[in-house]
Amino acid sequence: MTVPRTPATGRGVELGLLAFAAGLVTLALVLVQTSQNQPLSRLLVYLGLAYLALFGVAHAAVRRWAVYAALLLGEEEASATVDCAQIRWRARARRTQS
């Protein structure tokens, strides 16, 4: 007996992007600290981990209570954007031909 799989929601990519954002914010904090000639402290590590935890909690909440919510970088939105661009391009091409 096979267990039916739930459809992929793309939340793994979203989690990776959130981790990247937390790393980027931490790097920005480190750069600001060094540009002000201040010593780097453990506080920056704690702040980076706090950002990561905050994003992780938000991600877990969305995954738990809004499983099929539209992703910010979803395929539907991307294909709709491409379709709209093609429609505009075709309309312009028709206008220039007449």
* To do: Kindly indicate whether any position in the stretch 86-94 is surrounded by 10 or more Cβ atoms within 10 Å (Cβ to Cβ), modelled with pLDDT of 60 or more and under 18 Å from the mean Cα position of the chain (by Cα).
  => no
Cβ pairs under 9 Å, 6+ apart or interchain, first in the stretch 51-71 and under 23 Å from VAL30 (Cβ atoms) and touching a residue at least 24 places away in the same chain (Cβ under 8 Å), second of a type in the set (S, T, N, Q) and assigned to a helix (DSSP H, G or I), ordered by first then second residue, are TYR51/THR26; LEU52/THR26
With the first residue restricted to the stretch 37-48 and required to be without any contact (Cβ under 8 Å) to a residue 60 or more places away in the chain, and the second required to be aliphatic (A, V, I, L, M) and surrounded by 10 or more Cβ atoms within 10 Å (Cβ to Cβ), Cβ contacts under 8 Å at 6 or more apart or on different chains are LEU40/VAL30; LEU44/LEU29; LEU44/VAL30; LEU47/LEU29; GLY48/ALA22; GLY48/VAL25; GLY48/LEU29
From the option list VAL62, VAL67, single residue qualifying as assigned to a helix (DSSP H, G or I) and modelled with pLDDT under 85 is VAL62
Inside the stretch 30-55, the number of residues satisfying the requirement of being over 28 Å from the mean Cα position of the chain (by Cα) and surrounded by 10 or more Cβ atoms within 10 Å (Cβ to Cβ) is 2
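The values are calculated or read from the model by the stated rules, or taken from the named source; none is laboratory data. A quick note: this is a predicted structure, and the numbers were derived from the prediction, not measured. Here Cβ is always computed from backbone atoms with ideal geometry, including for glycine, and neighbour counts include all displayed protein chains.
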